[in-house]
Amino acid sequence: MKKKNIQPFPVQCVTLGFELACGRHIKEFKKFFKIPVLDIYGTSEFVVLFMECEYGFIHHFPYKTYIETVDRNGRQTSEIGELIVTSFKNKYMPLIRYKTGDLVKLYETDKCQCGFSGKSIVRFEGRQSETTYSADNTLVTPRMVDDLVAQTPKISFYQMEQVSKTTYVFRYVSDKKMSKQEEARLIFSFKKLYGYRSTFTLQKVENIPVSQSGKYIVSFRAS
Ligand SMILES: [Zn+2]
């Protein structure tokens with residue numbers, strides 16, 4: 001729309017309902033539409049589970065589901081963990097402790113300015129299957145990678161591939177080539193996240209292919 005100089009529609013807000021809404025893309029939407037851009041998180045099985053309120057907090061819709069998070073060993077955790085959902089209302093196919101494959105960190109909201117009380121998520125961290133690991137085996141979620149990339153305005157799409165325990169290939173799509181200084185800055189921020197023993201190769205590419213189901217994969221481990 002921006003390239004073709006099409007004016008935005010007169011709507012009150014934009015909601016994002018795809019996988020991980022990249023920081024870079026959210027900035028572009030806000031700049032273009034000039035109205036609130038709110039994130040929605042849901043799954044095909046439960047439809048909407050969380051929605052961002054006007055104050056920027058992401059709240060659980062508590063009426064239809066019970067939610068919890070578990071760590072890699074299936075134990076309940078208050079840290080970033082896999083979201084587990086139990087449905088109350090689906091009488092045809094009740095789902096009990098359904099593993100969503102998505103990573104979030106839950107917390108209790110006493111009372112938000114919007115009036116909500118209950119469980120919220122700090123943010124959606126991405127798919128568990130797309131996580132990578134640092135040199136010392138610490139979990140790195142797609143959102144953590146995205147936080148760094150969002151600070152580099154020239155990158156429109158990207159993908160981080162973990163090739164081995166300490167080597168990574170970062171592919172990116174950009175209208176303009178990054179300068180040596182910008183590349184060095186990005187690599188330094190990756191090293192801070194993944195560990196200083198890790199090495200990164202940057203590759204400028206024409207496009208980032210989507211998965212078979214049409215989803216945009218932010219990061220993954222080579223099999
Ligand atoms: Zn709120």
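Rounded to the nearest angstrom and ordered from largest down, what semi-axes does the equivalent ellipsoid of the chain get from its C-alpha gyration tensor (root of 5λ)? Mind dumping the intermediate values first?
Working: eigenvalues 186, 116, 50 Å².
Semi-axes (√(5λ), whole Å): 30, 24, 16.
What percentage of all Cα-Cα pairs in segment 1-130 are separated by more than 17 Å? I get 62 percent for the Cα pairs in segment 1-130 exceeding 17 Å.
3J(HN,Hα) couplings calculated from phi for segment 166-180 with the Karplus curve 6.51 cos²θ - 1.76 cosθ + 1.60 (θ = phi - 60°) are, in sequence order, 10, 10, 9, 10, 10, 9, 9, 10, 8, 5, 10, 6, 6, 6, 4 Hz; Gly and Pro show x.
When the P(r) is computed for segment 74-162, the part past 22 Å accounts for 45% of the Cα-Cα pairs. Can you give the FRET efficiency to the nearest 0.05 for residue 192 and residue 95, using r as the Cβ-Cβ distance and R₀ = 45 Å? Once rounded, the FRET efficiency stands at 0.70. Cross-link partners of residue 27 among lysines, defined as those whose alpha carbon lies under 22 angstrom from its own and excluding same-chain residues fewer than eight positions apart: 2, 3, 4, 154, 176, 177, 204, 215.
For segment 207-223, the Karplus equation 6.51 cos²θ - 1.76 cosθ + 1.60, evaluated at θ = phi - 60°, returns couplings of 7, 9, x, 8, 6, 4, 8, x, 8, 8, 9, 6, 8, 6, 9, 5, 8 Hz by residue, with Gly and Pro reported as x. Charge tally for residue 21 (other residues, Cβ to Cβ under 15 Å; Lys, Arg +1; Asp, Glu -1): -1. If each Cα of segment 131-221 is one equal point scatterer, what is log10 of I(q)/I(0) from the Debye formula at q = 0.11, 0.20 Å⁻¹? After summing over all Cα pairs, the log10 values are -0.28, -0.94. Along segment 33-46 the Karplus relation, 6.51 cos²θ - 1.76 cosθ + 1.60 evaluated at θ = phi - 60°, assigns HN-Hα couplings of 7, 6, 9, x, 10, 10, 8, 10, 10, x, 9, 4, 6, 10 Hz to successive residues, with x for each Gly and Pro. Reported to the nearest whole Å, the Cα centre-to-centre distance from segment 114-151 to segment 205-219 is 19.
So, R0 is 30 Å and r is the distance between the beta-carbons of residue 177 and residue 32; what FRET efficiency does that work out to, to 0.05? Walk me through the numbers before you get to the answer.
Values: r = 24 Å, r/R0 = 0.81.
Given R0 = 30 Å and the Cβ-Cβ separation, E is 0.80.
Beta-bridge orientation, the chain: approximately 75 percent antiparallel, per DSSP, counting only bridges with both partners inside.
Bear in mind these aren't lab numbers, they're just calculated from the coordinates by the rules spelled out. The shown structure was predicted, so the numbers you read here are calculated from the model rather than taken from an experiment. Backbone-built Cβ (ideal geometry, glycine too); neighbour counts: all protein chains shown.
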